[in-house]
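Notes to accompany the following structure.
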Amino acid sequence: MKINLDIAIRIFANFINNTWDTVMPLIKSRDYTSDESSISDWLQSNWEILVERKILKTNQFLEVYGDGADFNGASSRITDINALPNFSVQINQSSSKEVFDLLNEEYVLISNADFIELVSFDKGFYHKIPKFDNVLIEDNTGTERVVSIDDINFVLKGIG
């Protein structure tokens with residue numbers, strides 16, 4: 001099976017859904033509260049290894065996943081802290097029908113929106129917990145939106 005960006009991100013979503021509960025006891029702080037920095041580091045490192053390395057050539061890099069990593073100080077990356085992104089992930093709707101934006105409670109057309117991260121959605125807001133079946137994006141007007149992963153396609157776009 002040929003793995004393109006769209007397939008790789010869907011596999012990544014399955015990976016974090018299936019490993020989250022196993023990994024969180026190792027990532028949570030000693031008082032068992034969530035350690036957002038360590039969670040972001042874990043997500044970024046897996047993003048680089050499982051998605052970026054699978055779809056890009058050597059010396060090609062994706063924009064950071066979500067908040068990126070805090071592990072290396074000024075860099076938001078784990079594996080190559082000096083690397084600058086030369087590709088981004090864009091979001092397009094998968095059909096001609098409008099997509100429902102859960103966050104703003106409206107139907108919208110999605111074209112070349114910026115991918116931020118996979119999220120769940122509950123009680124009117126997005127969360128960084130399973131089930132990662134929605135996508136946090138920023139549209140062309142700078143508006144944050146949350147749409148179902150089933151309604152969109154992930155597309156690779158060169159930067160620069």
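The values are calculated or read from the model by the stated rules, or taken from the named source; none is laboratory data. Since the structure is predicted, the reported quantities are computational estimates derived from the model, not experimental observations. Cβ atoms come from the backbone with ideal geometry, glycine included; neighbour counts cover every protein chain shown. Note: accessible area is taken over every heavy atom of the protein model, side chains too, but ligands, DNA and RNA are not part of it. Shrake-Rupley method; radii C 1.70, N 1.55, O 1.52, S 1.80 Å.
For the stretch 47-66, the condition holds for at least one residue, the condition being that it is closer than 19 Å to Gly142 by Cα and either assigned to a helix (DSSP H, G or I) or open to solvent by 50 Å² or more (accessible area, probe 1.4 Å) (or both). Only a single criterion out of (1) among the aliphatic types (A, V, I, L, M); (2) out of contact with any Leu (no Cβ under 8 Å at 6 or more places or on another chain); (3) at pLDDT 95 or above is not satisfied by Leu26, namely (3). Determine whether the stretch 74-90 contains at least one residue that is in contact with a helix residue (DSSP H, G or I) (Cβ under 6 Å, 6 or more places away or on another chain), in a loop (DSSP other than H, G, I, E, B) and free of Cβ contacts under 8 Å to residues at least 60 places away in the same chain. Checked the stretch 74-90: at least one residue is in contact with a helix residue (DSSP H, G or I) (Cβ under 6 Å, 6 or more places away or on another chain), in a loop (DSSP other than H, G, I, E, B) and free of Cβ contacts under 8 Å to residues at least 60 places away in the same chain. Of all positions in the stretch 23-40, none carries a residue that is under 16 Å from the mean Cα position of the chain (by Cα), in contact (Cβ under 8 Å) with a residue 40 or more places away in the chain and farther than 23 Å from Val146 by Cβ. When the residues of the stretch 116-135 are filtered to those that are in contact (Cβ under 8 Å) with a residue 60 or more places away in the chain and part of a strand (DSSP E or B), which remaining residue is least open to solvent (accessible area, probe 1.4 Å)? Step by step, filter the stretch 116-135, then rank; the result is Leu118. Restricting attention to the stretch 82-103, which residues are touching a Ser or Thr at 6+ places or on another chain (Cβ under 8 Å) and either loosely packed, with under 13 Cβ neighbours inside 10 Å or modelled with pLDDT under 90 (or both)? Within the stretch 82-103, just Asn82 meets the criteria.
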